[in-house]
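Worksheet: the structure to be examined is printed underneath.
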Ligand code: AMP
């Protein structure tokens with residue numbers, strides 16, 4: 001099953017209570033592609049970078065099995081740059097700087113060989129670009145998942161609402177769900193958001209896990225209690241990569257299987273936060289992933305007799 005990943009490949013500068021980085025490699029699509037590479041070996045990427053972007057990271061993506069034919073490298077231009085500072089709880093952060101650079105006039109070109117993709121992950125990016133990619137496909141994928149953030153809600157809400165009409169699953173964090181719906185209760189927020197188009201909604205709550213909703217049901221996956229969280233950047237994207245990667249691998253998009261997929265997503269996110277940037281997502285073994293998922297199973301499994 002082929003998976004098309006769209007999103008930023010970028011530079012980030014991160015401050016946490018434990019340290020600070022200069023420009024390091026990040027971007028939503030980098031995390032998504034790396035996380036999903038543990039589940040499926042046909043991953044196609046659509047993104048854009050400037051010629052300041054390090055070739056060795058692009059080689060790493062290729063080594064992890066990611067096809068870069070749809071990655072534009074703009075001569076003489078700078079890559080997207082984002083900088084953020086985490087609060088002491090590591091659950092909330094402030095964006096310090098967003099420099100769109102190559103993203104400002106990004107015109108995505110979906111290669112012919114990508115156009116029949118089975119699964120589509122519209123990672124965090126301008127909703128107009130997400131929509132543009134969707135409109136270039138030859139057929140509707142079996143599943144379309146969209147991730148976005150407050151930045152795009154602030155500057156492109158009407159484009160976002162238009163794009164949402166055509167997707168199957170939306171993944172956002174709790175404060176973004178509140179912003180999008182205008183509701184404080186996440187249950188009410190989910191109802192309103194599901195009326196905007198998506199058939200399922202994932203609300204990520206950082207160290208407090210993730211909720212999966214459809215019209216009639218709700219399911220909860222915890223986050224793994226970790227002794228050390230170094231850098232939460234990319235946790236949401238790694239979650240999305242594990243989620244859609246597992247669905248692509250199993251080719252089953254039922255709500256029951258999405259419940260399993262959010263455990264795999266949570267497992268990939270738990271790796272990401274253990275190191276700065278994308279480092280922890282590179283070179284994991286299948287055994288590492290399986291052991292991590294087993295930790296989730298052990299965390300929540302209990303026997304109860306109700307008689
Ligand atoms: P996450 O921590 O999973 O929400 O995602 C962090 C990643 O999102 C970082 O690596 C950033 O490069 C990327 N990012 C931050 N702001 C934006 C934005 N406005 N559009 C697209 N990607 C962004």
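Since every read-out is calculated from the coordinates, none of them should be taken as a lab result. Quick caveat: nothing in here was measured; it's all calculated off a predicted structure. FYI the Cβ positions are ideal-geometry reconstructions off the backbone, even for glycines, and counts take in every protein chain you see.
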Convert 4 °C to kelvin, take the viscosity as 1.567 mPa s, use the Kirkwood radius over C-alpha pairs of the stretch 98-150 as Rh, and evaluate the Stokes-Einstein diffusion coefficient in µm²/s, rounded to a whole number.
108 µm²/s
Using only the Cα atoms of the stretch 121-273, what are the Rg and Dmax in Å?
14.6, 46
Report the relative contact order of the chain, percent, no decimals, based on alpha-carbon pairs under 8 angstrom and at least 6 residues apart.
18 percent
Pull up the DSSP beta bridges for the chain and report the antiparallel fraction as a percent, rounded to 5.
35 percent
Over 18 Å apart: what share of the alpha carbon pairs of the stretch 1-142 falls there, rounded to a whole percent?
56 percent
P(r) over all Cα-Cα pairs of the stretch 77-188, 10 Å bins from 0 to the longest distance, whole percent per bin, short to long, reads 12, 39, 34, 14, 1
Summing -39500 (n - 2.57) over the DSSP H runs of n ≥ 4 in the chain and dividing by its residue number, what mean residue ellipticity at 222 nm do you reach, to the nearest 500 deg cm²/dmol?
-11000 deg cm²/dmol
Got a sec? How would 280, 140 order by Cβ neighbour count within 10 Å, fewest to most?
140, 280
Expressed as a whole number of Å, what is the distance separating the alpha-carbon centroids of the stretch 138-191 and the stretch 262-307?
25 Å
Over the Cα atoms of the chain, what Rg and Dmax result, in angstrom?
18.0, 71
To the nearest whole percent, what portion of all C-alpha pairs in the stretch 59-122 is separated by more than 13 angstrom?
77 percent
